[in-house]
1. What are the pairs with Cβ atoms under 9 angstrom where one residue, in segment 8-37, is under 23 Å from GLN238 (Cβ atoms) and the other, located anywhere, is surrounded by 10 or more Cβ atoms within 10 Å (Cβ to Cβ) and β-branched (Val, Ile, Thr)? Sequence gap at least six, or different chains.
2. Just checking, does segment 305-321 include any residue being more than 20 Å from LEU107 (Cα to Cα), assigned to a helix (DSSP H, G or I) and modelled with pLDDT under 95?
3. From the set of residues in segment 193-240 that are among the aliphatic types (A, V, I, L, M) and under 22 Å from ARG70 (Cβ atoms), which is surrounded by the fewest Cβ atoms within 10 Å (Cβ to Cβ)?
4. Give segment 354-394 a look and list any residue that's farther than 21 Å from SER110 by Cβ, buried (at least 19 other Cβ atoms within 10 Å of the Cβ), at pLDDT 90 or above and aliphatic (A, V, I, L, M), or say none.
5. If you take the residues in segment 341-353 that are among the hydrophobic types (A, V, I, L, M, F, W, C) and over 23 Å from GLU316 (Cα atoms), which one is surrounded by the fewest Cβ atoms within 10 Å (Cβ to Cβ)?
6. For segment 1-34: of the residues being exposed (fewer than 10 other Cβ atoms within 10 Å of the Cβ) and hydrophobic (A, V, I, L, M, F, W, C), which is modelled with the lowest pLDDT?
7. Which condition breaks for ARG140 when tested against (1) surrounded by fewer than 16 Cβ atoms within 10 Å (Cβ to Cβ); (2) out of contact with any Leu (no Cβ under 9 Å at 6 or more places or on another chain); (3) farther than 18 Å from ALA270 by Cα?
8. Check segment 72-82 and report whether any residue there is touching an Asp or Glu at 6+ places or on another chain (Cβ under 9 Å), assigned to a loop (DSSP other than H, G, I, E, B) and under 30 Å from ILE291 (Cα atoms).
Amino acid sequence: MASRPSSISTFKATLGGAAALFAGALVALGTIELGMRAIGYGSVSTLAYGRANYNPDLPEVGYAGRPDVRGIQSNEGVSEVALNSHGFHDVEHAKAKPPGVFRLMVLGNSYTMAIQVDRRDGYVAQLGEALKQCPALAGRDIETVNLGVDGYTIHQQFLMLRDYGLSLKPDFVLLQTNNFVVPGELDPLRNLSPRLFRAPDGSVSVDYSYLDAPEFRQKSSLAAILLQRASDDSRLLQYAIQYRRISKEAEAEAQKRGDPTKIGPAVYAAYRKGRDLAFDEIAAVLRAHDIPLAVAITPDADAKSNEPREPEPIKEEWKQLAKQAGAPFLDAETSARAQVRATGAYLHGFGARTGYGHLNRTGNAFFGKALAARLCPLLGGEHSAALAPAAVEQ
């Protein structure tokens, strides 16, 4: 008769089996990790929530870029992300402006941050290169400062300018906007950040109520930050975080379908009121420091290039705001469409998604040169015809 195994031998066998399973899981995960690196996948986290988690020089804006982050992103195109010590997709800038430097500062959202391409290929860097051909800036070093952050509202852009940007002593400020509304502008819960409002006494105040939102507390928690830091070295973990984020956004969108307040007149009126107030504050603070302002709107072009132009109410609103502030409005849509028709190369999107999404390398190069062609006359000189992509609209 066979003897029964002792409890000790059973425990050893169970422990050995568990160890084998654990080792197998590690090998499997390691193989997946290596495979994701081999195919070039990456989704490095670029945004940090909570005042303690981004550069202390920056104001309370809900979230900002993560300082000194390096990594790969392949969610839209493939690029090497390299944020500077203040969390911007840019090189480092000394707070004290060197003598003889013309410093052009750009405020904007994800189109300005442009992590879809390497930072030297973003339109802000391309603008700086093109402006070297501007006679009005002859003999001066051109320094472009990119303060664009993914999803930023104009409220955040104002606070970033007032409480940080002005300390860099810009000679000119360019505000980038779009011919559509950034989701966070309509729904504060989509963009956990401060909002400007006019108090009953007429003064302008800042609403920081998002600080008490459960989602903000979760995103700025120590656990969330530690997970984010751990993901810097793991493509598999980056994928898991990205998948969870996309799933939550899709679920939120599904819950909102059919809700008239999503695009209702009351919601849009509130958006316009806040947007106009924040823009007026940007114009006022720059006027007080004698710094010129221009407003630039990113082109649509691409699939619409062969179609008749349709009414563009949001663009008209921005144009009117700029006019009221005495700021030039830079719109390169006509020349962008002409370029697409002439070359067949779309300005937006990557790979199978060409024609949709953010500006690609071609689009960033076009937009940078188009802006330089329009900015140079404002600075007192004609731009080199060799570098101007086409006549930019007035």
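1. Taking only residues 6 or more apart or on different chains, the pairs are ARG37/ILE72.
2. Taking every residue of segment 305-321 in turn, at least one turns out to be more than 20 Å from LEU107 (Cα to Cα), assigned to a helix (DSSP H, G or I) and modelled with pLDDT under 95.
3. So, considering only residues that are among the aliphatic types (A, V, I, L, M) and under 22 Å from ARG70 (Cβ atoms), the one surrounded by the fewest Cβ atoms within 10 Å (Cβ to Cβ) is LEU226.
4. Pass one, segment 354-394, residues farther than 21 Å from SER110 by Cβ: 372-394.
Those still in the list that are buried (at least 19 other Cβ atoms within 10 Å of the Cβ) too: 372-376, 383, 388-389, 392.
Checking the rest, the ones that are also at pLDDT 90 or above come to 372-376.
Answer for segment 354-394, where residues must be farther than 21 Å from SER110 by Cβ, buried (at least 19 other Cβ atoms within 10 Å of the Cβ), at pLDDT 90 or above and aliphatic (A, V, I, L, M): ALA372, ALA373, LEU375.
5. Of all residues in segment 341-353, those among the hydrophobic types (A, V, I, L, M, F, W, C) come to 342, 345, 347, 350, 352.
Going one step further and asking which of them are over 23 Å from GLU316 (Cα atoms), we end up with 342, 345, 350, 352.
Values: ALA342: 10, ALA345: 14, PHE350: 21, ALA352: 7.
Filtering segment 341-353 for residues that are among the hydrophobic types (A, V, I, L, M, F, W, C) and over 23 Å from GLU316 (Cα atoms), the one surrounded by the fewest Cβ atoms within 10 Å (Cβ to Cβ) comes out as ALA352.
6. MET1
7. With (1) surrounded by fewer than 16 Cβ atoms within 10 Å (Cβ to Cβ); (2) out of contact with any Leu (no Cβ under 9 Å at 6 or more places or on another chain); (3) farther than 18 Å from ALA270 by Cα applied to ARG140, the lone miss is (1).
8. No: zero hits.
The values are calculated or read from the model by the stated rules, or taken from the named source; none is laboratory data. Being a predicted model, the structure only gives us computed values, none of them experimental. Cβ atoms come from the backbone with ideal geometry, glycine included; neighbour counts cover every protein chain shown.
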